[in-house]
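Beneath this line is the structure, given in structure tokens, with notes to follow.
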Protein chains: 2
Amino acid sequence: MREVFNQELDTIADRLVEMSRLVTEQISRATRALETNDLELAEQVISADARIDAGQADLDRLSVQVLALQAPVAQDLRVVVSALKMSVAIERMGDLARHIAAQVRIRYPQSAVPEPFREVFSRMGEAAVRIGTAQIQLLDNPGLAAVPMIATIDEQLDALHLQVFTIIGELSSGDLTPSQIADATLVSRYFERFGDQAVNVSHKVEYLLTGSWEPDLSAP
Amino acid sequence: MREVFNQELDTIADRLVEMSRLVTEQISRATRALETNDLELAEQVISADARIDAGQADLDRLSVQVLALQAPVAQDLRVVVSALKMSVAIERMGDLARHIAAQVRIRYPQSAVPEPFREVFSRMGEAAVRIGTAQIQLLDNPGLAAVPMIATIDEQLDALHLQVFTIIGELSSGDLTPSQIADATLVSRYFERFGDQAVNVSHKVEYLLTGSWEPDLSAP
């Protein structure tokens, strides 16, 4: 019985890593689609989201099955509870990649990235891929060391998000159309939220390892 | 033992209702702060978010305790699993009310709502309060009847969100500053996401009642 149980916990961990790989791949491709105004690539990101949604449903079903059949306790229980929480955050990361790709589709053949935002969005995309990669590492080999790394990349994303508002504040009224400003606001928000969700995942790994909810991450 | 267990499930249900009341009150006050440019009220909404966060932490701890000590099965297990999911969505509704209030604070003494958006944001706020109220009813007296009601209000919020982009698209370049357009985009997004989270909660109630994940809500 115990052997089956450990296999199932392994499967849960594997699925979390797999979902994280998928969303990191999608945010990378969504960024590229945005940078190169590649409609076909954007469509691929939009289609891939269904796989991520299905991954969450499978993972949640498995977690409920483990709770029902094995009644885990202590750290084993925390693995399952944190998986139920993490699956929400990772699925949402997939949605955010899809939203960015959808902006490319909505504006095509025009670019969804007005010139003044090209550099900052490339940097946001690069940071989002780094935070996704850190999340894969964290879930593949859980340890507290990767948690502050994720917090640091999230701070970079927050700073870039603020930079977008600085750029918007410095625009003259005729530089861009109102719709272009709305688009840039949303794209920036999507990247910033992608980072927040990785932070949510990292908090759940902390819970899994320590048993404490939402520990204080505000170390200097 | 059974008696204690049922008490604990009741407590979980009560906490979900209580958190839903809190976030509905906060979105109502955030809307009023936005409409009347009331800084003090906005500050109150911002402060209240800590109570909602604490409510989530307490509820999650209670859910884990029930899993560890009672090993529930069947519908009792679904109550606890759906509570772990719903607490994420309801806590997020509190964040979104706080974000709207924060826009009032950021722009004060100027208004965070440029004139062309006054009416649509009042309607979004009113719809958000209605969806929160429907969520309270759903959780207070779970039954499938309230689920499509929540879906309908969410569609109204989505349509109002699109209307915001129509208004933005019809603005002339000099009508508003770029920062005002970015503000309106975000406020609209926050209201729209508030509705999405209520839909997430209603899906989990469906799961609780039927045992099926994410059932098809796309009835005509």
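When only alpha carbons are used to place a centre, region A:149-198 and region A:45-98 end up 29 Å from one another. Each 20 Å bin from 0 upward holds the following percent of the Cα-Cα pairs of the protein assembly as shown: 25, 59, 15, 0.
Computed on region B:30-101, with alpha-carbon pairs under 8 angstrom and 6+ residues apart, the relative contact order is 50 percent.
Each label point was placed 7 Å from the Cα along the Cα-to-Cβ direction; for residue B:35 and residue B:13 their separation is 3.4 nm. What you get for chain A, charging only the Cβ of Lys and Arg (+1) and of Asp and Glu (-1), is a dipole of about 200 debye around the Cα centre. Pairwise Cα distances in region A:61-128 exceed 19 Å for 55 percent of all pairs.
With the label put 7 angstrom out from Cα along the Cα-to-Cβ vector, residue B:110 ends up 2.4 nm from the copy partners, going from closest to farthest. For region B:169-180, putting each phi into the Karplus relation 6.51 cos²θ - 1.76 cosθ + 1.60 with θ = phi - 60° gives couplings of x, 8, 5, 7, 4, x, 4, 10, 6, x, 5, 5 Hz, in residue order, rounded to whole numbers and with x for Gly and Pro.
Across chain A, the mean sequence separation of Cα contacts (distance under 8 Å, 6 or more residues apart), normalised by length, yields a relative contact order of 28 percent.
How much length, in nm to one decimal, is gained on full extension between residue B:73 and residue B:158, taken as 0.36 nm per residue of separation minus their Cα-Cα distance?
Result for the pair: 26.9 nm of gain on full extension.
Helix B:118-140 and the long axis of chain B differ in direction by around 10°, with both axes built from C-alpha atoms. Sequentially through region A:70-83, phi angles give Karplus couplings (6.51, -1.76, 1.60; θ = phi - 60°) of 10, 6, x, 10, 6, 5, 4, 5, 5, 4, 6, 4, 5, 5 Hz, Gly and Pro residues having no value and appearing as x. Equivalent ellipsoid of chain B: semi-axes from √(5λ) of the C-alpha gyration tensor, largest first, are 36, 19, 12 Å.
Placing a label point 7 Å from Cα along the Cα-to-Cβ direction at residue B:53 gives distances to the equivalent points in the other copies of 3.2 nm, listed shortest first.
With runs of 4+ DSSP H residues as the only contributors, calculate the mean residue ellipticity of chain A at 222 nm using -39,500 (n - 2.57) per run, divided by the residue total and rounded to the nearest 500.
On the way: 6 runs with 182 residues, N = 220.
Theoretical 222 nm ellipticity from helices: -30000 deg cm²/dmol.
Distances between equivalent label points of residue B:210 across the copies, with each point positioned 7 Å along Cα→Cβ, amount to 4.0 nm, shortest listed first.
Here the 3J(HN,Hα) profile of region A:189-204, calculated from phi with Karplus coefficients 6.51, -1.76 and 1.60 at θ = phi - 60°, is 4, 5, 4, 5, 5, 4, x, 4, 5, 5, 5, 4, 4, 5, 5, 6 Hz, Gly and Pro shown as x.
Every number in this text was worked out from the coordinates using simple rules, so none of it is lab data. Please read these numbers as outputs of a predicted model, since none were measured by experiment. Cβ coordinates were reconstructed from backbone atoms using ideal geometry, including for glycine residues, and neighbour counts include every protein chain displayed.
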